[in-house]
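Okay, structure first, notes after.
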Amino acid sequence: MRVGPLALVLVSLPAACDRANPEGQVLVDAAAKEVSFSAIFHRANAEEGTWHLIVQDGGSMASKAFFTTDVSPGKFYELLKAVGASDGNNVTDANFHAEDIATQGDEIEFTFEWEGQAGRLPLHRLIREALPGSPAGGGERGLEFRFGGNYTAEDAKSPPCHESGCLACLYTCSAGVTSNSRANAALLRKDKHVHRYRVSPEVQLADGARVRIHARRK
């Protein structure tokens, strides 16, 4: 359909997903190169720190995620491709633990909005980077999400995200459709397996709150 000058497309999800997402849809804004969808926030995971930013309901990593959604990794991959994003497909099980591995692909900007929030909150304001006591991992790495894809490499027929449910990972990953290119498994080892990405204490978002997540190709 056409809404004003922008081309907006509503994508219906399967009926089984409608229970989790009142809209039962994701929104694709081709002109803005953006997709958006609904998710649920899990504060305990976000405060403790985790590898997993956004995971599909029912995925093996859903219990550890900041956010869970009814959108599948496969659907998210297709939607990013539909708005012109190019995936890197450079991370595999073979190089996952390499010291310098970093997810490639187009940069994806995440923003978040929810009832009571004034406008969209960018990811770097939602999340703080808590440096561990060990100096081995160095200073702050920051957040730069890229479209890794992980759909056309060695696991093209059965991508690992089909089991894990990972749409977005806070460290470079061979499963997540998108990953933070600034951090990787080698960094986590240096940090003695203490996750450094956690919800900012200034973010007053209740456990179980519904949010709208926007993912835009930069």
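Keeping to the range 46-86, report how many residues are surrounded by 22 or more Cβ atoms within 10 Å (Cβ to Cβ), free of Cβ contacts under 8 Å to residues at least 60 places away in the same chain and assigned to a helix (DSSP H, G or I).
Going through the range 46-86 one residue at a time, the tally reaches 0.
Scanning the range 116-140 for residues that are in a loop (DSSP other than H, G, I, E, B) and either at pLDDT 95 or above or within 27 Å of GLY84 (Cα to Cα) (or both), which turns out nearest to the chain's Cα centre (by Cα)?
ARG120
If you check ALA175 against the conditions, is it on the phi < 0 side of the Ramachandran plot, surrounded by 19 or more Cβ atoms within 10 Å (Cβ to Cβ) and without any contact (Cβ under 8 Å) to a residue 40 or more places away in the chain?
On the way: on the phi < 0 side of the Ramachandran plot: yes; surrounded by 19 or more Cβ atoms within 10 Å (Cβ to Cβ): yes; without any contact (Cβ under 8 Å) to a residue 40 or more places away in the chain: yes.
Judged against the criteria, ALA175 is a match.
Going through PHE37, PHE41 one at a time, which residue ends up being closer than 18 Å to GLY208 by Cβ and surrounded by fewer than 24 Cβ atoms within 10 Å (Cβ to Cβ)? Talk me through it step by step, then tell me what you get.
Details: PHE37 fails: surrounded by fewer than 24 Cβ atoms within 10 Å (Cβ to Cβ).
Result of the check over PHE37, PHE41: PHE41.
Do you know which residues across the range 173-199 are outside any strand (DSSP E or B) and under 23 Å from GLU34 (Cβ atoms)? Lay out the reasoning, then the answer.
First, the residues of the range 173-199 that are outside any strand (DSSP E or B): 173-177, 181-196.
CYS173, GLY176, VAL177, SER181, ARG182 - these are the residues of the range 173-199 that are outside any strand (DSSP E or B) and under 23 Å from GLU34 (Cβ atoms).
Six or more apart or on different chains, Cβ atoms under 6 Å: show the pairs whose first residue is in the range 108-125 and in contact (Cβ under 8 Å) with a residue 24 or more places away in the chain and whose second is surrounded by fewer than 16 Cβ atoms within 10 Å (Cβ to Cβ) and outside any loop (DSSP other than H, G, I, E, B).
Taking only residues 6 or more apart or on different chains, the pairs are THR111/PRO122; ARG120/GLU113.
Filtering the range 184-218 down to residues that are touching a Ser or Thr at 6+ places or on another chain (Cβ under 8 Å) and small (Gly, Ala, Ser), which residue is farthest from ASP87 (Cα to Cα)?
Selected residue: ALA185.
Could you check the range 31-60 and list, in sequence order, the residues that are hydrophobic (A, V, I, L, M, F, W, C) and at pLDDT below 95? It would help to see each step written out before you state the result.
At the first step, the residues of the range 31-60 found to be hydrophobic (A, V, I, L, M, F, W, C) are 31-32, 35, 37, 39-41, 44, 46, 51, 53-55.
Result: no residue meets the conditions.
Quick test of your reading of the structure: VAL83 fulfils all but one of (1) modelled with pLDDT of 95 or more; (2) closer than 18 Å to GLU144 by Cα; (3) out of contact with any Leu (no Cβ under 9 Å at 6 or more places or on another chain); (4) not acidic (Asp, Glu). Name the failing condition by number.
(2)
The values are calculated or read from the model by the stated rules, or taken from the named source; none is laboratory data. A quick note: this is a predicted structure, and the numbers were derived from the prediction, not measured. A quick note on method: Cβ atoms are made from the backbone with ideal geometry, for glycine too, and the neighbour counts reach across all protein chains shown.
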